[in-house]
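Read through the structure below, which is laid out as structure tokens, and then see the notes.
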Amino acid sequence: MKKLFLVVLLFAASTQVNAQDYERAIGLRASTWTGFTYKQKLKEDRYGEALLMFRYRGFELTGLYEVHKAQLEEIDRLNWYFGGGAHIGYYARGYGRWGYSSPVLIGTETAPDHQLTLGIDGILGIEYNIQDLPINISLDWKPGFNFVGATWGVWDNGALSVRYIF
């Protein structure tokens with residue numbers, strides 16, 4: 001594992017990337033929903049982002065359309081963005097804000113039922129593109145609301161993402 005990390009680090013250090021502007025990036029997203037992130041440039045300041053996140057003994061797939069604005073507070077390579085999109089999820093029925101809340105049947109060993117959810121999302125964040133490495137770091141807040149399945153608002157989805165720019 002250490003050798004793989006060293007190879008990736010050396011490759012990243014030798015790769016020339018325009019840190020102000022990138023075509024695509026892939027990485028990890030750490031929050032109450034942990035998972036993966038992929039961003040793709042669509043137009044000059046427009047990006048599409050796909051998220052695959054895990055929580056509540058299940059997963060959620062989110063697609064976002066984002067508008068990126070350059071230079072927050074005149075710091076080179078620090079940008080802010082906003083946007084919206086939709087998600088589809090599949091997770092344990094009865095999970096909610098405080099964990100699994102469905103009644104437990106004594107003497108049963110069955111797993112909780114799962115349910116499909118559909119909803120909308122917003123996103124507001126900042127990102128920093130490291131000058132000498134093809135690495136992008138972002139901090140965002142992604143509130144959402146489920147219309148199908150477990151209907152509730154999800155307000156605790158702030159995340160730190162680290163992406164490799166390629």
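The values are calculated or read from the model by the stated rules, or taken from the named source; none is laboratory data. Not measured: the values here are computed from a predicted model. Backbone-built Cβ (ideal geometry, glycine too); neighbour counts: all protein chains shown.
Here are some conditions: (1) at pLDDT below 75; (2) within 22 Å of the chain's Cα centre (by Cα). TYR128 meets all but one. Which one does it not meet?
Unmet for TYR128, out of (1) at pLDDT below 75; (2) within 22 Å of the chain's Cα centre (by Cα): (1).
Please tell me if LEU72 is at pLDDT 95 or above and either surrounded by 17 or more Cβ atoms within 10 Å (Cβ to Cβ) or not acidic (Asp, Glu) (or both).
no
Applying the selection to segment 137-166, what residues are among the hydroxyl-bearing types (Ser, Thr, Tyr), surrounded by fewer than 20 Cβ atoms within 10 Å (Cβ to Cβ) and either under 15 Å from LEU78 (Cβ atoms) or at pLDDT 90 or above (or both)?
Within segment 137-166, TYR164 is the sole residue that qualifies.
Out of everything in segment 112-136 that is over 18 Å from MET53 (Cβ atoms) and among the aliphatic types (A, V, I, L, M), what residue ends up being surrounded by the most Cβ atoms within 10 Å (Cβ to Cβ)?
ILE135
Filter segment 18-69 down to residues that are under 17 Å from ASP140 (Cβ atoms) and not in a strand (DSSP E or B), then give me how many there are.
4
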